[in-house]
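The values are calculated or read from the model by the stated rules, or taken from the named source; none is laboratory data. All values reported here derive from a predicted model rather than from experimental measurement. Glycine gets a Cβ as well: all are built from the backbone with ideal geometry, and neighbour counts include every protein chain shown.
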Amino acid sequence: MVPAATLFDPVPIKAVGAQLRAARFDADPGVARKGVCVLLNGQTEFIEKYFEVIDELRGRGFAVATMDWRGQGGSARLLADDHRKSFIGDFSEYDQDLDTLLNWIVTPMLAPGERPVALAHSMGAHNLLRALAHNPARFAWCVLNAPMIAISLRGQRQFLVAAVTAFEIWRGNRGGWVWGMEARDPHNVSFSTQLVTSDPQRFERTQMLLRENPDLRLAGATWGWLAAAIRSMKWLRGQAETITTPLLVVGAGKDRICLTPEARAFAARAPNAQYVEVADAGHEILMEKNAIRAKFWEAFDAFAAGQKKTAPG
């Protein structure tokens, strides 16, 4: 199989309000075709970080479609003063990004009568759940990795964070850094200070990509992003019962970014969801050590094998 890194040929697509960078990869021709998998990365992430995952999906018979969300990776940044800032006005803008990917990249890849499947991480999983709440039949089945149902507030009270965020928005500081976020510039973060994985090799691989392509990096959230995230998470937590799509929700037992108990509770309320927890995984399960990643792929393969075909016949 020719590696994804060699095949990578970014495609610009135009969403409402932003230019996006997308990519598509054919399945490994040496295995039986299983369909099209939409791969959705998390906040601050970018396509190149997922080359290994893309090849693992291709080796399982999936063609892969993916993109960078607006405001990160190689897609258009939304604030002129500092490209390292994560900003969004409202998460409905991410809805537009996903719609654009599906309409312009995914749909032409599908066989007649076929629906895509999805593998989504963190904020990508949150955005996917938003789409499923509006149209549960759009995907045949989905796997959610450490989904952003609720985020860690680093020991702060939820009402206090919400109040401070509202105050910063009121004073016109939507584009300002959330306290401490500027210091999370990837160029300044070491393995000992990062919060997402126990694998130094995969952490260093991502750091190397960002050293070679510094414009891909994103440091952290602005008050505008945080305000939009608070609104969207509150809304999404009320939608679990409406999402009838078959789901596999994979929680990370050592997650320090998203709250695993909230993901577990959400899965328990969704009508067709299964839940698996990888006890020794950090937030980025797919960037973890081999033994931890193997547990994820074991759960993924078992779940996929139990689903109906995505196309007739």
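Couple of notes before you dig in:
- Taking the listed residues Gly282, Gly220, Gly238, the one that is over 25 Å from Cys37 (Cβ atoms) and in contact with a Lys or Arg (Cβ under 6 Å, 6 or more places away or on another chain) is Gly220, with no other qualifying.
- The lone exception for Leu57 - which of (1) farther than 24 Å from Trp177 by Cα; (2) in contact (Cβ under 8 Å) with a residue 24 or more places away in the chain; (3) out of contact with any strand residue (DSSP E or B) (no Cβ under 8 Å at 6 or more places or on another chain) it fails: (3)
- Residues that are surrounded by fewer than 23 Cβ atoms within 10 Å (Cβ to Cβ) and assigned to a loop (DSSP other than H, G, I, E, B) within segment 121-138 comprise just one, Asn135.
- Residue in segment 268-287 that is assigned to a helix (DSSP H, G or I) and either touching a Ser or Thr at 6+ places or on another chain (Cβ under 9 Å) or within 15 Å of Ala140 (Cα to Cα) (or both) present: yes
- When Ala219 is tested against (1) crowded, with 23+ Cβ neighbours inside 10 Å; (2) among the small types (Gly, Ala, Ser); (3) under 17 Å from the mean Cα position of the chain (by Cα), just one condition goes unmet, and that condition is (1).
- Close pairs (8 angstrom Cβ cut-off, 6 or more residues apart or separate chains): modelled with pLDDT under 95 in segment 280-308, assigned to a helix (DSSP H, G or I) and β-branched (Val, Ile, Thr) anywhere: none
- Among (1) touching a helix residue (DSSP H, G or I) at 6+ places or on another chain (Cβ under 9 Å); (2) under 30 Å from Arg231 (Cβ atoms) - the single one Gly30 does not satisfy: (2)
- Top-ranked residue of segment 166-212 - restricted to ones that are in a helix (DSSP H, G or I), among the hydrophobic types (A, V, I, L, M, F, W, C) and touching a Lys or Arg at 6+ places or on another chain (Cβ under 9 Å), ranked as surrounded by the fewest Cβ atoms within 10 Å (Cβ to Cβ): Leu209
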